[in-house]
Amino acid sequence: MASRKLIIDGNEIEAEDTITLLQACEQAGAEIPRFCYHERLSVAGNCRMCLVEWVGAPKLQASCALQVRDIFPNKDGTPAKINTNSAPVKKAREGAMEFLLINHPLDCPICDQGGECDLQDQAMAYGRASFHRFNENKRAVENKYMGPLIKTIMTRCIQCTRCVRFATEVAGVSELGATGRGEEMEITTYLQQAFTSELSGNVVDLCPVGALTSRPYAFNARPWELRKTESIDVMDGMGANIRVDTRGRQVMRVLPRNNDEINEEWISDKTRHARDGLSCQRLDKPYVRRNGKLVAASWVEAFAAISSKMKTCAPQRMAAIVGDLAGAEEIKALKDLMTGLGVVNLDCRQDGAKLKSTPRQGYLFNTTIAGVEAADLVLYIGTNLRWEAPVLNARMRKLWLNTNVRFANIGKAYDLTYPVAQLGESADVLQALVDGRHEFADALKEARRPMLIVGAGAYCRPDGAALLKLAARLAMDTGMIGPAGIHEGGWNGFNVLHTAASRVAGLDLGFVPGDAGRDLDGILSGAQSGEIELVYLLGADELDTTKLGNAFVIYQGTHGDAGAHRADVILPGAAYTEKSGLYANFEGRLQMANRAGFPPGDAKEDWAILRALSDVLGQPLPYDDIDGVRRALSAQCALYGSLGMPELPGADPGIWNAIGDTGQVDGGLSLASPIRDFYLTNPIARASETMAECSRLFVTGDLKLAAE
């Protein structure tokens, strides 16, 4: 890549042609103030705080709007000189700050942005404190309604337009814009409607002043009161990097952490705002059903009830199901306990997914999240990416904005915020592609780096195994997969998209039916017929609990959701913010969710509950602390010995014959995503008042609700 030499504040550096002068100055160690500029948004050049001096130029330059390639050497061939702290630069920044503060209200003591405000910080560093030259009355701007997640005080707005550019470019929802000119300019939504994006909360992080703040968090805490813990999101299978801010035992807010390989610096609204569900409808003590009613009990009584039932129940009549939010440690502990008892009816696929636990490439997002930016053709099969992985969908939109990539879809059509060619809704289209009878098959073969994404709308159907077999065959026949060298870097375009944070770990650890064991459908049918007498639910709430029949149900989880309502014994566990746990995202990357607080009441960490129960059942697990569990994890699956992205296995074509099963495909059934409500997909989200309001407004309600 071409580069150019510059002398910045007396230091000579060599910078790439494609970066901005602002970025080059920061590489040289200079601090450049800015309000409108953001690395992931287009350049606006509004605020003029980033002015620098190009020695020899007739005027100061906006460093955000100037690329290194635009800076030519001096006439004598020496590198151009850039000054970032000269007297003219200092005076210009003071003037720009003075203009910005003309109409800004002096309400910092009651502003939620206080302590984290770019305007505060830069006014202290670059403003003129001695005097000001404007004594006119400050203008006032009416607040705008942007929905239940964003609080607006638009008098504070400095028109940096970061929110507008984010909405248009990243979220793909052009509902924010500016009206008026000059002093009359205002940022507003279209016709006073709510901002209808699953990523809307990110504009709060982007706003450099207090114009846009978090409505659920308003007036709750100051940043210096909070303890900050780096963790991992479990609201979907992507594993976004987050920071959990707590005060005492309460989670006050969830913010994104930057990770270019996963979520960049965005998170979904569910990740950000479902946090109030962590304190509502919590299970804080064991319960045992007596005379048809659940009554509070001690741990000893709960374990005794479980032990009494298990002693009279044959192993082949017992089953265990893992839910969507479980960490690898409790999955390992439950599997070891059930294996020790001789139970083979195990399943981690509570949505009925027809995925096998081998080969690993058959259930991973093999292209990787960051790797999708190299694709030139993407085929969706039975997925609504905007609801199943909204941050990944934003990356796909970025791919569409910056390249000539083509998108196509087999299944129900959804608005993904970018053009997607609709090939049809039924599985017959997939069969036609495999047989070469569809015109789009030629486009797949001609693409250099094609990829497909199989969603839950395909692999969770009764014929899901047959659809996976067709998808793998299509990938092989069109050159999406193959040994290293067929494509640049050994391209692998076969991808399975999971919506459950626990799914990859469950499959990695083999939490699937053993020899002659029953899967989810078999467990439920067995419970209805009386062949299954005991079912252990580890946070499993998304299955149809009415199909559990008269089985004795043990529910270990965090909330009084569907599983707890049906349970005969309830064991209160810890939420993802209340324990240290390992999670593997859908690309197979192992990450650590760190404990930010402690579970309420008598609730315990899930692996510890299972360890204590194993003693009562006479099958003590061979570990007594979390480190022991992780050593056992590593011993079973070497990939769990270290965090991060493991080395991807070679795309051996022979492996792909083992994906799915040959069978009849129901061509008349539409490939539709099973997610009917993005905001209510797990027990934490369903316990959240904020998510309930979002569901009422964005899924079933009227976008023109009054701001009150």
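Please find, within the stretch 310-335, the residue that is farthest from the chain's Cα centre (by Cα) out of those that are among the charged types (D, E, K, R) and open to solvent by 60 Å² or more (accessible area, probe 1.4 Å). Break it down stepwise before answering.
Filtering the stretch 310-335 down to residues among the charged types (D, E, K, R) leaves 311, 317, 324, 329-330, 332, 335.
From what's left, open to solvent by 60 Å² or more (accessible area, probe 1.4 Å): 311, 317.
On the way: LYS311: 42, ARG317: 38 Å.
Across the stretch 310-335, the extreme among qualifying residues is LYS311.
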Within the stretch 10-28, restricting to residues that are without any contact (Cβ under 8 Å) to a residue 60 or more places away in the chain and open to solvent by 70 Å² or more (accessible area, probe 1.4 Å), the one that is farthest from the chain's Cα centre (by Cα) is ASN11
For the stretch 517-596, which fully contained strands (runs of 3 or more DSSP E) count at least 3 residues that are under 26 Å from the mean Cα position of the chain (by Cα) and among the hydroxyl-bearing types (Ser, Thr, Tyr)? none
Being surrounded by fewer than 21 Cβ atoms within 10 Å (Cβ to Cβ), more than 26 Å from the chain's Cα centre (by Cα), under 18 Å from LEU149 (Cβ atoms) and not hydroxyl-bearing (Ser, Thr, Tyr) is the filter here; which residues of the stretch 164-196 pass it? GLN192
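Do we have ALA274 as part of a helix (DSSP H, G or I), touching a residue at least 40 places away in the same chain (Cβ under 8 Å), more than 30 Å from ASP521 (Cα to Cα) and over 12 Å from the mean Cα position of the chain (by Cα) here? Before the answer, list the steps.
Details: part of a helix (DSSP H, G or I): yes; touching a residue at least 40 places away in the same chain (Cβ under 8 Å): yes; more than 30 Å from ASP521 (Cα to Cα): yes; over 12 Å from the mean Cα position of the chain (by Cα): yes.
So ALA274 fits the description; yes.
For residues in the stretch 528-550 being free of Cβ contacts under 8 Å to residues at least 40 places away in the same chain and buried (at least 20 other Cβ atoms within 10 Å of the Cβ), which is nearest to VAL244 (Cα to Cα)? Full working, then the answer.
Quick first cut of the stretch 528-550, residues free of Cβ contacts under 8 Å to residues at least 40 places away in the same chain only: 528-530, 544-550.
With the extra rule that they be buried (at least 20 other Cβ atoms within 10 Å of the Cβ), the set shrinks to 545, 548.
On the way: THR545: 32, LEU548: 36 Å.
The qualifying residue nearest to VAL244 (Cα to Cα) is THR545.
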Neighbours by Cβ (under 6 Å, 6+ apart or cross-chain): first from the stretch 338-365, under 29 Å from GLN619 (Cβ atoms) and in contact (Cβ under 8 Å) with a residue 24 or more places away in the chain; second open to solvent by 40 Å² or more (accessible area, probe 1.4 Å) and outside any loop (DSSP other than H, G, I, E, B): LEU341/PRO315; GLY342/PRO315; VAL343/PRO315
Please indicate, with yes or no, whether at least one residue in the stretch 78-86 is without any contact (Cβ under 8 Å) to a residue 40 or more places away in the chain and open to solvent by 60 Å² or more (accessible area, probe 1.4 Å). no
Check GLY560, GLY522 and return the single one that is farther than 25 Å from LEU341 by Cβ, open to solvent by 10 Å² or more (accessible area, probe 1.4 Å) and either out of contact with any helix residue (DSSP H, G or I) (no Cβ under 6 Å at 6 or more places or on another chain) or touching a residue at least 12 places away in the same chain (Cβ under 8 Å) (or both). GLY560
Would you point out the residue of the stretch 599-651, among those that are of a type in the set (Ser, Thr, Tyr) and touching a Leu at 6+ places or on another chain (Cβ under 7 Å), that is surrounded by the most Cβ atoms within 10 Å (Cβ to Cβ)? TYR640
Test for GLY436: is it open to solvent by less than 10 Å² (accessible area, probe 1.4 Å), small (Gly, Ala, Ser) and within 20 Å of PHE494 (Cβ to Cβ): no
Can you find even one residue in the stretch 347-370 that is more than 24 Å from PRO674 (Cα to Cα), open to solvent by less than 10 Å² (accessible area, probe 1.4 Å) and in contact with a strand residue (DSSP E or B) (Cβ under 8 Å, 6 or more places away or on another chain)? no
Residues (in contact with a Pro (Cβ under 9 Å, 6 or more places away or on another chain), under 17 Å from PHE219 (Cα atoms) and open to solvent by less than 20 Å² (accessible area, probe 1.4 Å)) located in the stretch 243-267: ASP245
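The values are calculated or read from the model by the stated rules, or taken from the named source; none is laboratory data. Everything quoted here is computed from the prediction, not taken from an experiment. Neighbour counts run over all protein chains shown; Cβ positions are idealised from the backbone, glycine included. When the accessible area is computed, the model is the full protein with side chains, heavy atoms only, and any ligands, DNA or RNA have been set aside. Shrake-Rupley method; radii C 1.70, N 1.55, O 1.52, S 1.80 Å.
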